[in-house]
Each structure stands twice: as structure tokens, then as C-alpha cells.
Amino acid sequence: MMRSCRRYSTGVEALIKTPLYSLHVEHGATLVPYAGFAMPVLYKGQSHIESHNWTRSKVGIFDVSHMLQHRVKGNSAAEFLQKITPSDLKALEPFTSTLSVLLNDQGGVIDDCIITKHDENEFYIVTNAGCRDKDTAFIKEEISQFGNASHENFEGTLLAIQGPQAAETLQKFTKLDLTKLYFGNSAFAKLEGFTNDAIHIARSGYTGEDGFELSIPVDHEGLEFTKALLELEQIKPIGLAARDSLRLEAGMCLYGHELNEQTTPVESSLNWLIAKSRRTPETAGFNGSDRILSQIQNPKSVSFKRVGIQSKGPSPREGNKIYSYEEPDKQIGVVCSGSPSPTLGGNVGQAFIHKPHQKSGTKILIEIRNKKREAHVAKLPFVAPKFYKPE
């Protein structure tokens, strides 16, 4: 999962530095402000396209330490989380994860998150860097209604290892049998020679490739481990530019673009996030459930939804207006995100488009640089996921 409410710009003065900041400097990173942190967008000697293709073919590592980590504990922890998300966390098996969303009272998305169940009364959550202040305030306000649940934030190195060679690479550093750790599962294990204690290893990621996210609480241990990874010839550090194009090809959402506080998960084409066991008035009970359940039960009432788009020429960008191909003066949608696709060629993007223009293959017009350019609606994801799952 990349999840942020803010875009990157220029200048890195007075920004928070992650535990891996010195490595970014050492490897010639172009650092930019991102959600209040100094983050690498590109590295010296690597173009955006080269970084993207390296991750698709070998292994890329991403510093995602700017994201906020949480622990929620207590006898009411699951009940609390089922109030603010549409997930069925009571049915989730220990050491399995689910993508979810924090919901406001209107069913809009405050943020997206990954929730991992460690046991019946303890959960580990990762939320977006750019939303950290509002997420923390929201969680603290909501949890105050539950006497037997507690919440804490914590920082540390959060490292994503992504690509087809990720497993064989990480296996060199742990005795944990990674062939038995499937996508959406996690475990605690030591990084041999680098961590004194077991750290959280999740088979997860935000690229569509196989991969892992490692939470390493002790800063110097995370730094030394990452240094060792970068000595391997199959690994390169990858910045924010490629991370965005990788997630776009994988059809994944970015908060502030495909997700926001006014838009429900249904409108963002994420119906699958609403657990089937929680789709009745008796079993729902989550924030905004009346609106969300109504949309699921009456799909004709949903006037727009998130779809994929493809085009040639200049890449569509957030905010570009979309028009009907048959009626070029009629606006039918807006671009949420767009990027050139190194894997497929041309451009890929995601957009909110109104009915009846949502079917794959439908021709549309996107206004880019004051000119309406031809594109078409496309099925998501653009690149098939390569998640490691049981056969």
C-alpha cells in the first residue's frame, strides 16, 4: 500500500528525516517534501522508467518510514475497529491482514489503511503519512467511546522490498521460511545479524509485485540492514516517482486522489472492502453504513465510480476534465491520477466517470493542455498482480 494526502514539491528545509535519510543522501537521491518528510523521488543514475522496470524485473526497496504505525489493544479493540471500518476483524485469522478504510459518519473515507490482526485483542495498523494528524485525532476521538481499548502510535524504519526476486533476497537474512508466508500474512522473525529481537514481516506491498514490508523499531538496526541490502547487485533503492507509476499500473488507490472524505468505497469501486458478513442493518454498525449499504443494494443510485483509463500522447493528470466522445461539450468525469506506463507504453490513469460511460472500451475525451484528446475506459488493474498465494 503508497498512501498520502499531500503531493511532493521542491525544497527540503525543516523537514522530518526518516531513519534512512543518510542512505538517501549517500545514493544521490533527489529529495523533496512529501507529507512533511524529506523523501527520495529519484536516485542518481536511475531514471523514473529505469527504476520502475527494475522493480518489475528484479528487486526495489522503498523507504516508507514516513507512514504512521499504530497499535490498538484491549478487549474492545475489534469492536472499536469494526465501528470505524467496514471490515470483519473478528473473523480475520491471527497474523493475517486486510486493506481497509477509516470511515466518517457519512461513509466518506478519512484514510485507507492496512490492518493486521496479531491476536483477538491486538491489531497493528499502518496509515498514510500525509493524514497522520487527522487520523490520530479521529482515532482518539472514536476510541474514547470504548473503555476497554487503547491506541498508540509508533515510529521506526518501515521498509518495502518489492519485485520478483524479493523473497529469495530476504530469505538470505531470516530463518523464517518465506515459502510458507503468503500474501496478506505476516510473522515476527529476526533479521539474522541485524536485529536483536524479532521484527514484523508482512508479505504485502503497493506495486502489484511480490514483496514484503518490514517494521524495524530500532533505527540503527534498520539502517544497517538496508545498507546490507544495497550491497546486493539485484537491489536498487526506488523513489516516489516509480512508486506512483507502479501502483497506477496495479490499479491501486492513492488517498487524496481516488479516495477522499466525500467519496464512499462503493463510488471508488472498492465494494470488496465491505465484508459480506456486515452488509445487513443488523450486522453493519460501522460509520456511514446506511449510505454505503444503500449504494450496494441499489447500484443504479451510484451516479459515478472509479474506472481505469488509457491514452496516448501527453499523460492525463489529476483534475483533467473528461468529456463524452459523442458529445464533446458534455463533461462526464474527472481524472484522479495519471502517468506514463513503462510496462505497457502509452499512459494509464484512474478517473471518476458518470454513467453510462463506465464500460471498458468506451471512448472518451480528456482535456489536456487546453486540447481534448482521445482516450478510452479500461479494466483495472492494467498489469496483473503477482502476489504470492497458495496454489
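The values are calculated or read from the model by the stated rules, or taken from the named source; none is laboratory data. This is a predicted model, so every value here is computed, not measured. Neighbour counts are summed over all protein chains in view; Cβ atoms, including those assigned to glycine, are modelled from backbone coordinates with ideal geometry. Just so you know, the surface numbers come from the protein's heavy atoms only, side chains and all, with ligands and any DNA or RNA stripped out. Shrake-Rupley method; radii C 1.70, N 1.55, O 1.52, S 1.80 Å.
Restricting attention to the range 286-298, the residues being more than 15 Å from ASN104 (Cβ to Cβ) and either outside any helix (DSSP H, G or I) or of a type in the set (Lys, Arg) (or both) number 1.
Annotation note: of SER144, SER150, SER100, the sole residue that is among the small types (Gly, Ala, Ser), touching a residue at least 40 places away in the same chain (Cβ under 8 Å) and open to solvent by 10 Å² or more (accessible area, probe 1.4 Å) is SER150. With respect to the conditions (1) part of a helix (DSSP H, G or I); (2) more than 18 Å from GLY156 (Cα to Cα), GLU224 lacks only one, and its number is (2).
Counting only strands (runs of 3 or more DSSP E) that fall entirely inside the range 340-391 and contain at least 3 residues that are touching a Phe, Trp or Tyr at 6+ places or on another chain (Cβ under 8 Å), the qualifying elements are 347-354, 363-368.
In the range 62-78, which residues are in contact with a Leu (Cβ under 9 Å, 6 or more places away or on another chain) and not small (Gly, Ala, Ser)?
The initial filter retains those residues of the range 62-78 that are in contact with a Leu (Cβ under 9 Å, 6 or more places away or on another chain), namely 62-67, 69, 72, 77-78.
Across the range 62-78, the qualifying residues are PHE62, ASP63, VAL64, HIS66, MET67, GLN69, VAL72.
So which of ALA91, ALA129 ends up being open to solvent by 20 Å² or more (accessible area, probe 1.4 Å) and of a type outside the set (S, T, N, Q)? Selected residue: ALA91, the only one of ALA91, ALA129 that is open to solvent by 20 Å² or more (accessible area, probe 1.4 Å) and of a type outside the set (S, T, N, Q). For the range 202-221, a residue qualifies if it is in contact with a strand residue (DSSP E or B) (Cβ under 6 Å, 6 or more places away or on another chain) and in a loop (DSSP other than H, G, I, E, B), and the qualifying residues are ARG203, SER204, GLY205, THR207, GLU209.
Looking at the range 221-228, can you tell me whether even one residue there is open to solvent by 10 Å² or more (accessible area, probe 1.4 Å) and within 13 Å of the chain's Cα centre (by Cα)? Give the steps one after another, and end with the answer.
Step one: list which residues in the range 221-228 are open to solvent by 10 Å² or more (accessible area, probe 1.4 Å), which gives 221, 223-224, 227-228.
Checking which are within 13 Å of the chain's Cα centre (by Cα) leaves us with none.
Taking every residue of the range 221-228 in turn, none turns out to be open to solvent by 10 Å² or more (accessible area, probe 1.4 Å) and within 13 Å of the chain's Cα centre (by Cα).
In this entry, SER215 is excluded by the filter for residues that are closer than 30 Å to LYS379 by Cα, in contact (Cβ under 8 Å) with a residue 60 or more places away in the chain, open to solvent by less than 40 Å² (accessible area, probe 1.4 Å) and of a type in the set (S, T, N, Q).
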